[in-house]
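Worksheet: one structure, shown below.
The values are calculated or read from the model by the stated rules, or taken from the named source; none is laboratory data. Model, not experiment: these values are computed from the prediction. With ideal geometry, Cβ positions are generated from the backbone for all residues, glycine too; neighbour counts draw on all protein chains shown. We work out accessible area using only protein heavy atoms, side chains counted, and drop any ligands, DNA or RNA first. Shrake-Rupley method; radii C 1.70, N 1.55, O 1.52, S 1.80 Å.
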Amino acid sequence: MTSEEYLYKSIEMILDYIEKNLKNRIILDDISNEVHISKYHLDRIFHAVLNKKLIEYARMRKLSSSLKELLETNLKISDISREYGFEYEQS
């Protein structure tokens, strides 16, 4: 596997982890353990490929997924907020 293939495979694994854990607390250490890459290297390669900090991207995905749920269900904001692990409903 070339270094480029390894890089893209790693990004694919990271994105998959984030999607599977949108309703859980997502931290760099957990992702690092999942994909077997140091958290510092992980953050650098993610930023290099997607031009976003990994945790910033994860937060954006949580927000967009919770917004979709808000628009498509009859759940209360407080319930969705709690389900996605937001500390404050305003998030």
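Total residues in segment 44-53 satisfying the condition of being in contact with a Lys or Arg (Cβ under 9 Å, 6 or more places away or on another chain) and open to solvent by less than 30 Å² (accessible area, probe 1.4 Å): the figure is 1.
Candidates are the residues of segment 1-39 that are among the hydrophobic types (A, V, I, L, M, F, W, C) and open to solvent by 30 Å² or more (accessible area, probe 1.4 Å); the one that is nearest to Glu69 (Cα to Cα) is Leu15. Scoring Lys76 on the criteria (1) free of Cβ contacts under 8 Å to residues at least 12 places away in the same chain; (2) surrounded by 12 or more Cβ atoms within 10 Å (Cβ to Cβ) leaves a single failure, condition (2).
Checking every residue in segment 4-12 against the condition of being in contact with a Phe, Trp or Tyr (Cβ under 8 Å, 6 or more places away or on another chain), under 21 Å from Lys62 (Cα atoms) and without any contact (Cβ under 8 Å) to a residue 60 or more places away in the chain gives at least one match. In segment 33-68, the residue that is nearest to Lys23 (Cα to Cα) out of those that are acidic (Asp, Glu) and touching a residue at least 12 places away in the same chain (Cβ under 8 Å) is Glu34.
One line per residue, one yes/no per condition, for (1) polar (S, T, N, Q); (2) within 26 Å of Glu4 (Cβ to Cβ):
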residue	(1), (2)
Asn24	yes, no
His36	no, yes
Arg44	no, yes
Lys53	no, yes
Glu72	no, no
Glu83	no, no
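The helices (runs of 4 or more DSSP H) located wholly in the chain that include 1 or more residues which are hydrophobic (A, V, I, L, M, F, W, C) and under 16 Å from the mean Cα position of the chain (by Cα) occupy 3-20, 28-35, 39-50, 54-72.
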